1. Longest span of the chain, sites excluded, free of trypsin sites (Lys or Arg not before Pro) in DSSP loop with at most 12 other C-beta atoms within 10 Å?
2. Add +1 for every Lys or Arg and -1 for every Asp or Glu among the other residues with Cβ under 11 Å from the Cβ of GLU13, and state the total.
3. I want to verify a result. In a Gaussian network model of the chain, Cα cutoff 10 Å, which of these has the top mean-square fluctuation: LEU37, LEU186, LEU76?
4. Quick one: putting +1 on the C-beta of Lys and Arg, -1 on the C-beta of Asp and Glu, what dipole do you get for the chain around its Cα centre, in Debye to the nearest 20?
5. Distance between the C-alpha centers of region 158-178 and region 63-109? Whole Å please.
6. Based only on other Cβ atoms within 10 Å, what is the fewest-to-most ordering of LEU39, LEU89?
7. Candidates (1) 19.9, 61; (2) 18.0, 51; (3) 17.4, 63; which is the computed Rg and Dmax of the Cα atoms in Å?
8. Taking the beta-carbon count within 10 Å as an exposure proxy, list GLU99, GLU110 from fewest neighbours to most.
Amino acid sequence: MRAKFSLGKFAFEYSFILVGSLLYAISTVLFVFPSGLVLGGTNGIAVILNGIFHQTPGTFSVILNASLILLAFIVLGRDMATKTLVGSLLTTVFIGAFERVFVLGVPIIENSYISAVVGGGIIAVASAIMFFVDSSSGGTDIIALIVKKFSNIKIGRALLITDVLIVIVGGLLSGLSIFIPSVIGLVIKTLGIDVVILLIKSAIGGASAAAARKES
């Protein structure tokens, strides 16, 4: 039986996807790409490929995301895959737009360790917001959603498993000056996701309980 459409639920979920995509793109363009950090995901692969083929990271992200979105529709089902498609498209569009708006000659934060902490932290918040409504920014987040679907592994830890190899390869190709901050950023990003999801659940649960008490 088809579930009844709820405009309120639709607006709630897609507003989360919009905000999450915007934050993810801002962090990627302002902190990750300029410092050459590899925090996993298709953006991490894009940074690696950019160093080899000298194309913009955004171009590689589009190609990689399209392939994984197809996998999402096959494995995750239409509802979750559609939300992930929207999250991926929004993130990709925002990244492409911000790459043109913020043409940076040098990173905003020259210290790559600080960039990794700030960038990883913002991406953790952005990803958690989207994961909370069963969406994602696409890329290896899709693989993490698949792992979560068929196991009891928390989404942040699932993402750590899928991204760690990308960070190792990218870091080793770039040298220790990129490898170490990239590992720090990856840890902050993946472990932070689970913490932020718990905070969101707690905040929404508390608000619902307060509303229920008020009605009674």
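Rule-based calculations on the coordinates, nothing more; no lab input. Remember, predicted model here, so these are calculated numbers, not experimental data. Glycine gets a Cβ as well: all are built from the backbone with ideal geometry, and neighbour counts include every protein chain shown.
1. Numbers: sites that count: ARG2, LYS4.
Segment 5-216 is the longest.
2. 0
3. Result: LEU76 has the largest fluctuation of those listed.
4. Here the size comes out at about 700 debye.
5. When both Cα centres are located, 20 Å separates them.
6. Details: LEU39 29, LEU89 18.
Going from sparsest to densest Cβ surroundings: LEU89, LEU39.
7. Label (3) holds the value from this structure.
8. Lowest count first: GLU110, GLU99.
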